[in-house]
Every structure is written in structure tokens, then in C-alpha cells.
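No lab work stands behind these numbers, since they all come straight from the coordinates. In this text the structure is predicted, and so the values were computed from the model without any measurement. Cβ coordinates were reconstructed from backbone atoms using ideal geometry, including for glycine residues, and neighbour counts include every protein chain displayed.
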Amino acid sequence: MESVISVKNVWLRYGSRHDWILREINLAVYEGEWVTIVGGNGSGKSTLVRLFNGLLKPSLGDVTVYGKTTSDVRNLMTIRQHVGMVFQNADNQIVGVTVQEDTIFGLYNIGVAQEQAEHRCRDVLQRLGLYEIKDHPPHLLSGGEKQKLAIAGVLAMEPKVIVFDECTSMLDSKSAKEVHKIMSDLHNCGFTIIQVTNEIEEIFTADRLVVMRKGTIRFDGTPREAVDNPAVFKDSALPPLFSVRIHNLLYASRNLHLPTAIERELADPLWKFV
Ligand SMILES: Nc1ncnc2c1ncn2[C@@H]1O[C@H](COP(=O)(O)OP(=O)(O)O)[C@@H](O)[C@H]1O
Ligand SMILES: [Mg+2]
């Protein structure tokens, strides 16, 4: 299968006098996948995903997007149209004075004609439930609405891959769920989703999980393989999954050994002990 994003033997440091931030990274992301990246603070997640659209360049090694290297500036415009990014702080991404203007801004920037730009803009605002507030000034929106607006701006560019870098971590839980639902809907529509999160309970929506530790990829596999293998999360500074805590607690306190720590599969074996 052809990879959408391919990272080969990548090392990165922010200046030659600094330490290596990414070491020997190899990763391929395939069309239509949902890849979730977790890891402790400072483990290099944001640095890694900023390589995916050429915001950062590797110090050594190569990153290609649809076969084009991010190290050649002539490829960057196409690459950035293919790979959209939504960041933690939506305020930094807002440029327009109304919701509609903000969404359409990027389209005019890449030379999309007015009529087509307005059409695309209306589509994405409707899709995200923002059309009713299209004339509102963005600074008056709630945190969740601002993050949806950031997603609207990205979607209007008609990308194939969308990277969400901890984009729910500043939201209240209701808005975070809404944004997570948007990610699911987009994945179901065929978008390739790359999600960085510090919410360990969110890993099960991914097709593939990447666990980072100190600038290296510690694990790359399915969420299920990760949960079945306790070594994956060891020393990763991540809180244990709720289901893993239950699993371990019952083993320690009652010597009950449950067959799995996958949450949705725990109910049946637990009932037997009630
Ligand atoms: N612009 C920068 N200049 C120097 N060091 C940086 C820069 N950005 C990030 N770092 C360092 O790189 C490491 C990884 O950061 P980051 O990729 O943001 O991690 P994460 O997203 O996993 O929290 C951290 O030690 C951080 O301090
Ligand atoms: Mg980060």
C-alpha cells in the first residue's frame, strides 16, 4: 500500500548546539488511517507532526508527503494543501473579522475564485454547524466554536490528511467530545486523521497508536496490542488507562485475573464476580 506520509530515518534538533529532539524516527501513515500519537510532555509529538506539512524540516533523514519531499520548498504549497493542521490554541489560527471571512481567507490566499470559495465556505460551515453564526466576530465565540472554526478553515482547503495536535486539551469536556465526534465523522468520510492527544482514554478510536518517549517511537501498533502489552506504557509518563487500573486493582486486591484490559470487553468477565 502506498503511504501518504513517510518519515525515514529522521533526526531533528532545533539548532546545532541543542540536543536531538527526534531520534531515528521511521513512520508511515496510510490513506484513510486514523493514527493517534501519545507520549509524555516534551516527548516530541508536536515536533513530529510539524514535519508532516513542512512546518519543520528534518536535520537528517527525509519526510515525504504523497511521494514529495518536504525538504524542497517547491513542494510545500501542494503539501500544505494536502495536510491541514489544527492546533491546541485556536486563537492563534484566527485571522478574519467574521466566521465566514476567517474560513474563506485561506482560499483567497491560494487563488480560489470568489464564487467557488464562497460555495466551499458555505459547505464547511454548514457541515460543522457554524453557518448560523457566519457573521459573528470570532473573538466572541466559545472555545469549542473557535476550534470548530479552525477546523472549518482547514476543511475549506480540501485537504486529504488532517493533523489535530492536542486540539481538545483546552476545551470543556462537552466541546472536547463534539470536536472528537467531528474527527470521527471526517475519518468515516475517508480523511486520513492524525491525532496527538494527552487523553489516554481516546486511543481506542484510532486504527493505529504511536507511543513516543524522549524523541523516539516506543510503540507503533494497534491500540489493542498496546493495552495487551504493559511494557508499552511503562516509563512513558502517561496515566494508566482506567480499564488497566481496574484490571490491576482487582488482581492486586482479589487475585482476580481478568482476561483483558480492553474496557468494552471487561463488562462480561466482571459480571461473573458480582
Ligand atoms: N522551538 C523550539 N526550540 C527549542 N526547543 C524546542 C522548540 N520546540 C520544542 N522544543 C523542545 O523539544 C522537545 C519536544 O517538544 P514538543 O515536540 O513540543 O513535545 P510534545 O508535543 O510531546 O510535548 C521539548 O523538550 C521542547 O522543550
Ligand atoms: Mg505538543
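Details
- Cleavage-rule hits (GluC sites (Glu not before Pro)) in segment 1-48: DSSP loop, at most 11 neighbouring Cβ within 10 angstrom: E2
- Net charge dipole size for the chain [Lys, Arg +1 and Asp, Glu -1 on Cβ; Debye, nearest 20]: 780
- For the chain, a Gaussian network of Cα nodes joined below 10 Å ranks V124, V179, V73 by mean-square fluctuation, and the top entry is V73.
- Close amide H pairs (under 5 Å, H built 1.01 Å from N) link V4 with V29, Y30, E31, residues at least 5 positions away or on another chain.
- Kirkwood-Stokes translational diffusion coefficient of the chain, alpha-carbon pairs, 37 °C, 0.692 mPa s, µm²/s: 164
- 3J(HN,Hα) couplings calculated from phi for segment 32-47 with the Karplus curve 6.51 cos²θ - 1.76 cosθ + 1.60 (θ = phi - 60°) are, in sequence order, x, 6, 10, 10, 9, 10, 10, x, x, 4, x, 7, x, 4, 5, 4 Hz; Gly and Pro show x.
- Of the beta bridges in the chain, as assigned by DSSP with both residues counted there, near 50 percent are antiparallel.
- What you get for segment 151-274, charging only the Cβ of Lys and Arg (+1) and of Asp and Glu (-1), is a dipole of about 380 debye around the Cα centre.
- Most mobile of I110, I262, I151 in a GNM of the chain (Cα contacts under 10 Å): I110
- Between the residues H139, V63, L12, the greatest Cα displacement towards the positive end of the dipole of segment 3-238, with unit charges on the Cβ of Lys, Arg, Asp and Glu, is found for L12.
- Per-residue ellipticity at 222 nm, computed for the chain from helices alone with -39500 (n - 2.57) per DSSP H run of at least four residues, works out to -10500 deg cm²/dmol.
- Mean-square fluctuations from a GNM of the chain, with a 10 angstrom spring cutoff on Cα atoms, peak among N89, N41, N248 at N248.
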